[in-house]
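The values are calculated or read from the model by the stated rules, or taken from the named source; none is laboratory data. All values derive from a computational prediction rather than experimental measurement. Positions of Cβ are backbone-derived with ideal geometry, glycine not excepted, and every protein chain shown enters the neighbour counts.
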Amino acid sequence: MSTDRYVSPLSERYASKEMQYIFSPDMKFRTWRKLWIALAETEMELGLSKDGRPVITQEQIDELKAHAQDINYDVAKAREKEVRHDVMSHVYAYGQQCPGAAGIIHLGATSCYVGDNTDIIVMTKALELVRRKLINVLQELKNFADKYKAQPTLAFTHFQPAQPTTVGKRAALWIQEFMLDLEDLDHVLSGMKLLGSKGTTGTQASFLELFNGDQETIDKIDPMIAQKMGFKECYPVSGQTYSRKVDTRVANVLAGIAASAHKMSNDIRLLQHLKEVEEPFEKSQIGSSAMAYKRNPMRSERIASLARYVMIDALNPAITSATQWFERTLDDSANKRLSIPEGFLAVDGILDLCFNVVDGLVVYPKVIEKHMLSELPFMATENIMMDAVKAGGNRQELHERIRELSMEAGKTVKVEGKENNLLELIAADDAFPMSLEELQETMEPSRYVGRAKEQVESFLEKVVMPVLDANKELLGMKAEINV
């Protein structure tokens, strides 16, 4: 680790090695060389010739392939200091290793041929990694929701106690958010296309010259390059670059995942305050430098912190897309080098944290039950009122009496700091023909959770499991948490 210059915390603290490699120089420049090979092969296979002689030979292709991986960075770096152009510096460096093929590297292409196609390839691989991690988070959440599908708990609207739900049903809400993100991710991933080789303004004029105006042959170039690079197709039209709208779509997917993770982490933080749920806390972990007893939800807090960064980061590609002039401007370059990799690195860290938190999430049923029983008498009043009506009471009169007694019990709890005595007040009221013992028998939390358990079972079976079953080969991830 360098100690005398800035180092991004995304690489040092948060993102996995796998995601870091996808955005590494090795990945970038090796992909450049694969693209140069694909272009040269395509031109050779399409019969590019001069005076009846092939312009590109198999020997040249073989020479390029022999040095596709061993990049001479020192030569490229020295050359870039002279010419101030990264692509031409690497063309030169590659040519130094492949003297027989030096003259045909990058033939007919512009810088965006390697730059933009590589960006698409890198983003596609990064989306695939995000997808794998998202699937594994869904698997962990599915297990958690299934385990606690019948565990009654207080639900909250406006963070005020509301009609009960179950711990598993609340987790199902988290799952549904991530399922929506997966749908968006799959849509964007399925639509990823290469730029291909379109030339300086997207007209393929250089190939018109190379292939002597043979339109039919030129039409084959992009599909052949796409196939060699593992893509179905290229974008049919472009300027010099692929549309920066693509970056916007990708960043919006990342922002959506971040928002879902943020929502879940907020819920967990609030529940940890209530001591109902607790994120993993390691044996030697320190919660506070001053307060030794503290068990702060630091991983959930980190999820929220990184998520806010990703959500705001999505503005960068949107503004860049909106401000591109005509066939291209270069004010996208510096921004793309930051916003796209950092968005992915942050989401990678977020998903690792989500997996780790859910995998070790601790539930405290006794605390949940205590909170539930302190509020349940208020929530049971409708059932109590219905029973009293069936015994001959007047619904409107009983409703008013319940309201008055509830206000009195609320005062006992809030003003006097005593236990909720609503049941005692109802039992002592002649309007309600029920004893305290009968009322207490109705205080079974599971009677008030509605169809929460059944909803979880149906949701997991019909919506979640088909997705997990279709992606079995992606399961089995282990989260990498650095700090």
### Query
Can you list the helices (runs of 4 or more DSSP H) found entirely within the stretch 185-259 that contain at least 3 residues being farther than 23 Å from THR118 by Cβ?
215-218
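Of these, ALA155, ALA162, ALA145, ALA93, which one is closer than 30 Å to THR201 by Cα, of a type outside the set (Ser, Thr, Tyr) and outside any loop (DSSP other than H, G, I, E, B)?
Result: ALA93 is the single residue among ALA155, ALA162, ALA145, ALA93 that is closer than 30 Å to THR201 by Cα, of a type outside the set (Ser, Thr, Tyr) and outside any loop (DSSP other than H, G, I, E, B).
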### Message
Given (1) charged (D, E, K, R); (2) more than 30 Å from LEU180 (Cβ to Cβ); (3) buried (at least 18 other Cβ atoms within 10 Å of the Cβ), identify the lone condition not met by LYS453.
### Response
(2)
### Task
Determine whether ARG295 is within 18 Å of ASP116 (Cα to Cα), at pLDDT below 95 and part of a loop (DSSP other than H, G, I, E, B).
no
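Of the residues GLU140, GLU128, which single one is touching an Asp or Glu at 6+ places or on another chain (Cβ under 6 Å), modelled with pLDDT of 95 or more and assigned to a helix (DSSP H, G or I)?
After ruling out the rest, the residue left standing is GLU140.
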### Message
List pairs: first residue in the stretch 140-155 and in contact (Cβ under 8 Å) with a residue 40 or more places away in the chain and closer than 15 Å to GLN455 by Cβ, second residue among the polar types (S, T, N, Q) and surrounded by 21 or more Cβ atoms within 10 Å (Cβ to Cβ) anywhere in the structure, Cβ distance under 7 angstrom, at least six positions apart or on different chains.
### Response
TYR148/THR166; LYS149/THR166; ALA150/THR166; GLN151/THR166; PRO152/THR166; THR153/THR165; THR153/THR166
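Counting only residues that are more than 30 Å from LEU306 (Cα to Cα) and part of a helix (DSSP H, G or I), how many does the stretch 433-465 have?
From the stretch 433-465, those more than 30 Å from LEU306 (Cα to Cα) are 433-455, 457-458, 461-462; that's our starting set.
Filter again for part of a helix (DSSP H, G or I), leaving 436-441, 445-448, 452-455, 457-458, 461-462.
Residues that pass the stated criteria total 18.
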### Summary
Pairing a residue in the stretch 173-188 that is farther than 20 Å from ASP267 by Cβ with any residue that is β-branched (Val, Ile, Thr), where Cβ atoms lie under 7 Å and the two sit 6 or more apart in sequence or on different chains, gives ASP184/VAL253; LEU185/VAL130; LEU185/VAL253; VAL188/VAL250; VAL188/VAL253
